[in-house]
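Nothing in this text is a laboratory measurement; each read-out follows from the coordinates by a stated rule. Everything quoted here is computed from the prediction, not taken from an experiment. All Cβ positions, even for glycine, are placed from backbone atoms using ideal geometry, and neighbour counts span all protein chains on display.
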Amino acid sequence: MIEIIPAIDVIDGKCVRLTHGDFAQKTVYADDPVEVAKRFEQLGLRRLHMVDLDGAKQGKPQNISVLARVTSATKLSIDFGGGVKSSDDVNAVLDAGAAIVNVGSVAVREPDLFLGWLEHFGGDRILLGADCKDEKVSIDGWQTETTVSIFELLQNYSAKGVSSAFVTDIGRDGAMIGPSIELYSNIRKIVPGLDLIASGGVSSITDVEELERVGCSGVIVGKAIYEGRITDDELKMYAR
């Protein structure tokens with residue numbers, strides 16, 4: 001069964017969601033991410049996706065203290081990213097209690113450094129995060145568009161031993177217009193050995209079922225949960 005991974009995006013220590021990755025289109029859902037994380041744990045979910053949007057914008061993690069509070073208050077397995085650019089950043093995230101560090105921009109700009117982290121920290125601690133718009137990779141918290149094909153990036157890293165990645169369709173993120181089923185279906189065909197986590201656009205449990213049908217192992221869900229489009233009872237069905 002596909003795993004639902006709830007998302008907490010953090011700006012100024014608060015739980016927010018952006019639409020299309022636009023910092024000007026921000027909705028604050030909770031002042032305290034810890035309480036939100038506790039709710040997910042109480043529903044039986046075991047994993048959490050946290051993004052430090054301040055860190056992504058500034059190029060260095062800014063909400064490590066929020067991560068530490070969440071890891072201290074719950075037993076959730078947390079993957080955390082946003083502005084991770086150095087080995088010191090990776091160590092700081094892991095020291096704060098994250099189980100996994102998700103890395104995007106470095107994987108595009110400094111592939112040797114990224115592969116070095118994989119070797120040093122292990123593939124179970126470093127997760128490739130690939131954000132794209134119109135099948136081209138974006139970095140720096142979605143602020144910088146590149147000409148790199150999402151398929152090429154995933155193919156290259158899969159050939160070098162990367163076994164899992166989460167892929168966010170920026171054009172659909174926070175819009176609740178449905179995920180890009182075609183995008184994820186094509187990734188599964190082009191990189192069949194990749195453990196693929198989808199992100200962006202989920203509006204209902206039907207979308208989750210469709211992503212499972214095309215072979216995604218997980219799906220990151222944010223706004224659909226906060227807006228009540230996916231109910232607590234539906235989340236419990238996917239609890240592990």
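Based on the alpha-carbon gyration tensor of region 38-120, what equivalent-ellipsoid semi-axes (square roots of 5 times the eigenvalues) come out, in whole Å, largest first? Mind dumping the intermediate values first?
Numbers: eigenvalues 110, 34, 23 Å².
Calculated on Cα positions only, the semi-axes equal 23, 13, 11 Å.
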Filtering GluC sites (Glu not before Pro) in region 136-216 by DSSP loop and by at most 12 other Cβ atoms within 10 Å leaves none
Which whole-number percentage describes the relative contact order of region 146-240, with Cα contacts under 8 Å and a sequence gap of 6 or more?
27
For the chain, set up a GNM with springs between Cα atoms under 10 Å and report which of I220, I205, I197 has the largest fluctuation.
I205
Square roots of five times the C-alpha gyration tensor eigenvalues of region 33-172, ordered largest first and given in whole Å, equal 25, 16, 15
Net charge near T206: determine it from the other residues with C-beta under 12 Å of the C-beta of T206, scoring Lys and Arg +1 and Asp and Glu -1.
-3
Starting from a Cα-only point model with no solvent, please compute log10 I(q)/I(0) by Debye for the chain at q = 0.18 1/Å.
-1.53
Using the structure shown, select from K26/K236; K38/K223; K189/K223 the pairs with a Cα to Cα distance greater than 24 angstrom.
K26/K236; K189/K223
Length released on extending from D134 to S87, taking residue separation times 0.36 nm less the Cα-Cα span:
13.8 nm
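Please list, by residue number, every one of the trypsin sites (Lys or Arg not before Pro) in region 30-82 that is coil in DSSP and has at most 11 other beta-carbon atoms within 10 Å. Please list the in-between numbers first.
Numbers: sites: K38, R39, R46, R47, K57, R69, K75; in loops: R46, K75.
Qualifying residues, ordered by number: K75.
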Where the only charges are on Cβ atoms (+1 Lys, Arg; -1 Asp, Glu), what is the dipole of the chain about its Cα centre, to the nearest 20 debye?
240
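Which whole-number percentage describes the relative contact order of the chain, with Cα contacts under 8 Å and a sequence gap of 6 or more? Mind showing how you got there, number by number?
On the way: 503 pairs, mean separation 50.0, N = 240.
It rounds to 21 percent for the chain.
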Positive dipole terminus of the chain, leading residue within G218, S77, W142 (C-beta point charges):
S77
Rounded to one decimal in nm, the spacing of the 7 Å Cα→Cβ label points at Q143 and T19 is 2.2
So how far apart, in nm, are the two label points at R109 and D232 if each is 7 Å from Cα heading toward Cβ?
4.3
Calculate the radius of gyration of the Cα atoms of region 131-240 to one decimal place, then report Dmax, the largest Cα-Cα distance, as a whole number, both in Å.
14.0, 42
So which trypsin sites (Lys or Arg not before Pro) in region 121-169 end up in coil per DSSP with only 15 or fewer other C-beta atoms within 10 Å?
K160
How do I64, I230, I177 rank when sorted from fewest to most other Cβ atoms within 10 Å of their own Cβ?
I177, I64, I230
